[in-house]
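The structure appears below as structure tokens.
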Amino acid sequence: MPVLPRPLDEGEAENVRVVVRVRPMSEKEAEAGCRRITSVDTVHSCISVENPHAAEGEPPKTFTFDSVFDCDSRQMDLYNEIARPIVDKVLMGYNGTILAYGQTGTGKTHTMAGDCSAPELKGIIPNSFAHIFGHIAKAAERTKFLVRVAHIEVYNEEVRDLLGKDQKLRLEVKERPDIGVYIKDLSGYVVNNADDMERIMTLGNKNRMVGATAMNATSSRSHAIFTITIENAMAGEDGKQHIKMGKLHLVDLAGSERQSKTGATGVRLKEATKINLSLSTLGNVISALVDGKSTHIPYRNSKLTRLLQDSLGGNSKTVMCANIGPADYNYDETISTLRYANRAKNITNRARVNEDPKDALLRQFQSEIEDLRRQLEDAGLSAHGNDDGSEPELSDSEDVEEEAAKGRKRKTRRKSSQGESGDAQVPEAKEDSDEVQEEEELKELEDQERNEVELKKTLTEHEELREKLQTLERKILVGGENLLEKAQVQEQLLEASARELEQRKRKEEQLREALQAKEAELVDIEEKYSTLQDEATGKTKKLKKVFGLLMSAKAELNDLQHEQQREMEGMLDSVRSLSRELRLQETIIEAFIPQRYQAMIDNYMHWNEDIGEWQLKCVAYTGNNMRKQLSLHSAGPGHEYHPPDLSQVYLSYASERPVTARCGRRKSAEPSARPSSYR
Ligand code: ADP
Ligand code: MG
């Protein structure tokens, strides 16, 4: 089924914003005597790159973007210029995406996460925390907010929950008509201040590193997506509460460089091919979106593009930051990144406010809070205990407590008097009546003790209810609350930097206008040739310009051919390695699976286009899974295992739903009611 961009009547059309950031020359590069080949023109927002092996007369290549940041750019300026407008929109209920693209070592992670040890070194992700909670602190009191985060990694076409308890678990990407694409069983954390959020991000980043080390790879091979979901609720003019939900994806993509051809074998090779798949699908999606003729956008061909479906050509405000290095030896990759980014400028998105979405949690939390309040009120308790912090007033129960205490005293007294009078001689009749009375008293005491236990149980239950209520209430943030704590400084720094940036922008704008006026004047002068000599000079100049254009077109052609050649070689390499792997799998099948079963498996396999995987009917009854079940149920000594006759199994279970082969277990076709679990 072809996947088309959403209908055009939704939201306002707006192109993906694309900016470029050049990192500073590293010490190593400076020591090695590398030459700077990039030059940035911030007034015209363009960047020129010199080819270190340029032919005579070949001019540098120039690309224009929405903004260009040179090597001295500051983290805060970058935040204010590219991220702040998007985060502002997310706070209003739009979706937003910020992607960092580029070769490994060019500053993607520096741009997205940065260094949290100093406020001015923090990247876009931590700066967005200060911005978000700063906004909530300033919002109207009647606005309620719920902020939650998730952090995932796509590595080797597998999705890993960086905040999950079990780091080995691989999650499934699913889709539902009402909420769209989501990740099943992804853990989400509700956060109520910027510091908690930073701790969560650090934990996710640490897990990314640990995972990479365990898999003998670097994190540059994986794509990390940090998602912040912000819900806000306000009473509308109709008196009803309306919820808006904005989702912000902050994406640190895998290194865009071509995998080196040397030494990659076995598992490593598979990884290399699959990482190419995710990034090349991203490239294909971009191409299909911008060429205007494609009816099919291949979002479903990779996990990354499925997850970012809304961000590219869909319902999202998106900005891509292309990161490049300044040195000559990176020329090929730098040009390739700039070309990629240049194409992305032409993607059109249509973002709209997400109103009352089905997967909002705020309403659910609020109704749970109402329920808990009602339960506590029904029990005659206030929801938050007394204002002075003492125990709530419980006249009846206090009476019972008092009675119980008295009873305990009486019991002790009786026991001691029994002890004292143990040897004394008393008349028998009196003894009998005393015994009856004592028994009654004992019974009464036991009743009281039972009551006491009951009461304690009820009190504990109420206390639990109250705690649950308070935990839920803490999750919902009320506009005007100061939630910044230490992040307050960060927010103030950001704002000061935003003001400074605005002034600078105004100055730049004036400069640009003056420059344009001068250029126009120059053109006028050039056109008014007073003498033949002047005309000749003018024409020579024009000729030089045209010649320059011709040279750069030639160089461009050369470059494109060169790049295509490299791409082709890379693809051929992948084809060769995949064919080799295919032959290995075929040999294994031929050697170990009887032909009868091969045909049967063939019959029962089908390709599920929706999830991009092979599925096998009744996988729970296949040999290996039967063996597992059998070893569970009958692992007694001397028990001989006979593989089941699969044809019989299939016949009797042919009506079962299909299951995904990779997972080796039956799966319910029904998605869980809520896509994620929240802590
Ligand atoms: P990537 O994530 O693209 O592989 P990193 O963010 O890890 O690259 O950057 C590589 C190195 O360059 C890091 O040591 C980082 O601190 C440094 N770096 C990158 N960009 C900048 C910048 N704009 N200013 C200062 N240092 C930078
Ligand atoms: Mg990185």
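For the pairs Lys244/Lys345; Lys244/Lys317; Lys108/Lys168; Lys247/Lys358; Lys61/Lys122; Lys247/Lys293, flag any whose C-alpha to C-alpha distance is greater than 21 Å.
In this structure, Lys244/Lys345; Lys108/Lys168; Lys61/Lys122; Lys247/Lys293 exceed 21 Å between Cα atoms.
If ligands, DNA and RNA are left out, what is the accessible area of Asp196 with a 1.4 Å probe, given in Å² to the nearest 10?
Rounded to the nearest 10, that gives 50 Å².
In nm, to one decimal, how far is the modelled label at Gln241 from the one at Ala30, with both set 7 Å along Cα→Cβ?
5.7 nm
Can you sort Glu158, Glu613 by solvent-accessible area, 1.4 Å probe, largest first?
Glu158, Glu613
Hey, rough spin-label estimate for Glu502 and Lys184, points 7 angstrom out along Cα→Cβ, what's it come to in nanometres?
Modelled inter-label distance: 4.9 nm.
So what J values fall out for the stretch 577-586 if you push phi through Karplus, 6.51 cos²θ - 1.76 cosθ + 1.60 with θ = phi - 60°, rounded to Hz, Gly and Pro as x?
So the J values, rounded to whole Hz, are 5, 5, 5, 4, 5, 4, 4, 4, 4, 5.
So what are the stretch 566-628's ellipsoid semi-axes, whole angstrom, largest first, if each one is the square root of 5 times an eigenvalue of the alpha-carbon gyration tensor?
29, 17, 10
For Glu370 and Thr458, what does the FRET efficiency come to when R0 = 30 Å and r is the distance between their Cβ atoms, rounded to the nearest 0.05?
My answer for the efficiency is 0.90.
Which residues' amide hydrogens lie under 5 Å from the amide hydrogen of Val191, considering only partners 5 or more residues apart or on another chain, with H built in the peptide plane?
Val147, Arg148, Val149
Could you work out what % of the accessible surface of the stretch 491-591 is carbon and sulfur, using a 1.4 angstrom probe and leaving DNA, RNA and ligands out of the count?
The nonpolar share, carbon plus sulfur, comes to 60 percent.
What's the FRET efficiency of Cys116 with Lys518 using the Cβ-Cβ distance as r and R₀ = 30 Å, to the nearest 0.05?
0.10
Quick query: amide H of Lys122 versus all other amide H atoms, modeled in the peptide plane; which residues come in under 5 Å with a sequence gap of 5 or more or a different chain?
The answer is Asp115.
Expressed as a whole percentage, what fraction of the accessible surface of the stretch 1-126 belongs to carbon and sulfur atoms when a 1.4 Å probe is rolled over the protein heavy atoms?
The computed percentage sits at 53.
Can you list the HN-Hα couplings for the stretch 41-51, worked out from phi with the Karplus curve (6.51, -1.76, 1.60; θ = phi - 60°), rounded to whole Hz and with x for Gly and Pro?
Along the stretch 41-51, the couplings run 10, 6, 5, 9, 6, 10, 10, 10, 10, 8, 7 Hz.
For the stretch 1-139, what is the accessible area per residue in Å², given a 1.4 Å probe and the full set of protein chains?
43 Å²
What are the residues whose amide H is under 5 Å from the amide H of Thr97, where those residues sit 5 or more places off or on another chain and H is modelled from the backbone?
Under 5 Å from the amide H of Thr97: His249, Lys317, Thr318, Val319.
Between the DSSP loop rule and a limit of at most 15 other Cβ atoms within 10 Å, which GluC sites (Glu not before Pro) in the stretch 21-124 are left?
Answer in residue order: Glu56.
Spelling out what I want: for every residue of the stretch 542-547, take phi, set θ = phi - 60°, compute 6.51 cos²θ - 1.76 cosθ + 1.60 (Karplus), and round to whole Hz; glycine and proline get x.
4, 4, 4, 4, 5, 4
The values are calculated or read from the model by the stated rules, or taken from the named source; none is laboratory data. Computed from a predicted model, the values in this text were never measured in an experiment. Every residue, glycine as well, gets a Cβ built from its backbone with ideal geometry; the counts of neighbours run over all protein chains shown. Remember, those area values only see protein heavy atoms, side chains included, never the ligands or the DNA or RNA. Shrake-Rupley method; radii C 1.70, N 1.55, O 1.52, S 1.80 Å.
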